[in-house]
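Trainee: Below you will find the structure I want to go over with you.
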């Protein structure tokens, strides 16, 4: 295994810097919301975490498609990496959302379409790992996982749609019901999104390298036992 | 003998596999009897768990029916693939000089047939037990659309789950989160028909079912080759 590429080292540094800067903006630059107070500051990282979660699952589905089309093991490694990151960040999104919802909605949880969809996504990708761990043959495991990553990801929009329709049968026009963000809040928000996206790229790269390393160790072990 | 066109070839192979499954089932009656008894047990459990008195019954009937169908359906899906695997029939099917999609469509249609038969027996029973009329054309349409979507994804996933060590446990865990839209739409559409809602409040749910069915039959058709590839 080659030593860490310089680009990755730069990315490491950049993501750390961006995260600290984003944190600084959240607490130092963005104004405190008048009615919600300090707890509103969860919003910046909450949405960013959920964005990274969605991005992870999207990347996994695309990597699954590429694996099925090309059959190169690299895409399988990318797929697991993306699913793992997606799972972790969706969980961060759920927990941070609950922390916000407790004082604002006066409950940790409601059966809102977004909340349920994220939870169903978590369940789909937990099932994804159960499927992986149940199958011994590496080639078959990679193929099945790719199929499930695609099928699971495609069901997500329909799940969201069906739960949204469940609340009210009337067509819902996609509007942001939130009050317009103050300019400084908006800038902080966009910056957090950017910082998290860079973080995602960094983590993905690290995880892919780890996956390749695991595969290499596996190959060496096979050679030893032969 | 001239070789048949791809479409007729696919259709003939699919028909042969459906026929094989139905014949095997007609002789053994393993699958249907298990699914049926299980379905009745689920309804019985619901009867006491939810205390289905006439008042609550109206609001939960469609939910009870659909949960019964998908539980019984899972049982059938698991079994139908497990028999192929355990007796080595799957290898035989894969060796046959036919399009792999024919295996998927054959198994899916046979599974759908079993599910519809169970539903066709549960419906009159439920009608008699609880004195409601379930034989509404719209409700029957909903049952067909919902079962098609459930079986389309279920056949695909059960052919993966059957290869895993934990196969019997794995199928519902893989299948339920992905088929949640089917359950929601089917329950809402059935409840709409049962409580006599106007059609324009039910159509969005039927549309959702149709969209789900079309998308996932297409996806299954495209990816099934990768599942049975050896």
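The values are calculated or read from the model by the stated rules, or taken from the named source; none is laboratory data. This is a predicted model, so every value here is computed, not measured. As a convention, Cβ positions derive from the backbone with ideal geometry for all residues, glycine included, and neighbour counts pool all protein chains shown.
Trainee: In the stretch B:1-15, which residue that is more than 13 Å from residue B:97 (Cα to Cα) and surrounded by 14 or more Cβ atoms within 10 Å (Cβ to Cβ) is modelled with the lowest pLDDT?
Mentor: Ranking the qualifying residues of the stretch B:1-15, first place goes to B:11.
Trainee: Scan the stretch B:157-175 residue by residue and report those that are surrounded by fewer than 21 Cβ atoms within 10 Å (Cβ to Cβ) and free of Cβ contacts under 8 Å to residues at least 40 places away in the same chain.
Mentor: Listed by number, the residues that qualify are B:165, B:166, B:169, B:173.
Trainee: If I ask for residues that are over 26 Å from residue B:38 (Cα atoms) and either touching a residue at least 24 places away in the same chain (Cβ under 8 Å) or not in a helix (DSSP H, G or I) (or both), which ones from the stretch B:94-122 would you list?
Mentor: B:94, B:96, B:97, B:98, B:99, B:100, B:101, B:102, B:103
Trainee: Among the residues in the stretch B:99-106, are any in contact with a helix residue (DSSP H, G or I) (Cβ under 6 Å, 6 or more places away or on another chain), crowded, with 23+ Cβ neighbours inside 10 Å and over 22 Å from residue B:11 (Cβ atoms)?
Mentor: No, the stretch B:99-106 has no match at all.
Trainee: Mind checking which residues of the stretch A:203-226 are touching a helix residue (DSSP H, G or I) at 6+ places or on another chain (Cβ under 9 Å) and within 17 Å of residue A:75 (Cα to Cα)?
Mentor: Result: A:203, A:204, A:205, A:206, A:207, A:208, A:209, A:210, A:211, A:212, A:214, A:215.
Trainee: Tell me the residue from A:158, A:154 that is touching a helix residue (DSSP H, G or I) at 6+ places or on another chain (Cβ under 9 Å), facing chain B (nearest Cβ under 8 Å) and more than 18 Å from residue B:222 (Cα to Cα), please.
Mentor: After applying the criteria, what remains is A:158.
Trainee: Spot the failing condition for residue B:91; the list is (1) free of Cβ contacts under 8 Å to residues at least 24 places away in the same chain; (2) surrounded by fewer than 16 Cβ atoms within 10 Å (Cβ to Cβ); (3) in contact with a helix residue (DSSP H, G or I) (Cβ under 7 Å, 6 or more places away or on another chain), and only one is missed.
Mentor: Residue B:91 satisfies all of (1) free of Cβ contacts under 8 Å to residues at least 24 places away in the same chain; (2) surrounded by fewer than 16 Cβ atoms within 10 Å (Cβ to Cβ); (3) in contact with a helix residue (DSSP H, G or I) (Cβ under 7 Å, 6 or more places away or on another chain) except (3).
Trainee: Hey, another quick one. Are there helices (runs of 4 or more DSSP H) fully within the stretch A:38-157 with at least 2 residues that are within 24 Å of residue B:152 (Cα to Cα)? List them.
Mentor: So the answer is A:42-70, A:113-134.
Trainee: Would you check if residue A:119 is over 27 Å from residue B:221 (Cα atoms), without any contact (Cβ under 8 Å) to a residue 40 or more places away in the chain and within 13 Å of chain B (Cβ to nearest Cβ)?
Mentor: yes
Trainee: Would it be correct to say that residue A:82 is within 30 Å of residue B:165 (Cα to Cα), touching a helix residue (DSSP H, G or I) at 6+ places or on another chain (Cβ under 6 Å) and modelled with pLDDT of 95 or more?
Mentor: When the stated conditions are applied, residue A:82 passes them.
Trainee: Report yes if some residue within the stretch B:62-69 is at pLDDT 85 or above, in a helix (DSSP H, G or I) and under 21 Å from residue B:217 (Cβ atoms); otherwise report no.
Mentor: yes
This table checks each residue for (1) within 11 Å of chain B (Cβ to nearest Cβ); (2) modelled with pLDDT under 90; (3) buried (at least 18 other Cβ atoms within 10 Å of the Cβ).
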residue: A:124; (1), (2), (3): yes, no, yes
residue: A:131; (1), (2), (3): yes, no, yes
residue: A:141; (1), (2), (3): yes, no, yes
residue: A:148; (1), (2), (3): yes, no, yes
residue: A:165; (1), (2), (3): yes, yes, yes
residue: A:196; (1), (2), (3): no, no, yes
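Table: residues versus (1) at pLDDT 95 or above; (2) surrounded by fewer than 21 Cβ atoms within 10 Å (Cβ to Cβ).
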| residue | (1), (2) |
| --- | --- |
| A:48 | no, no |
| A:53 | no, no |
| A:63 | yes, no |
| A:66 | yes, yes |
| A:69 | no, yes |
| A:76 | no, no |
| A:93 | no, no |
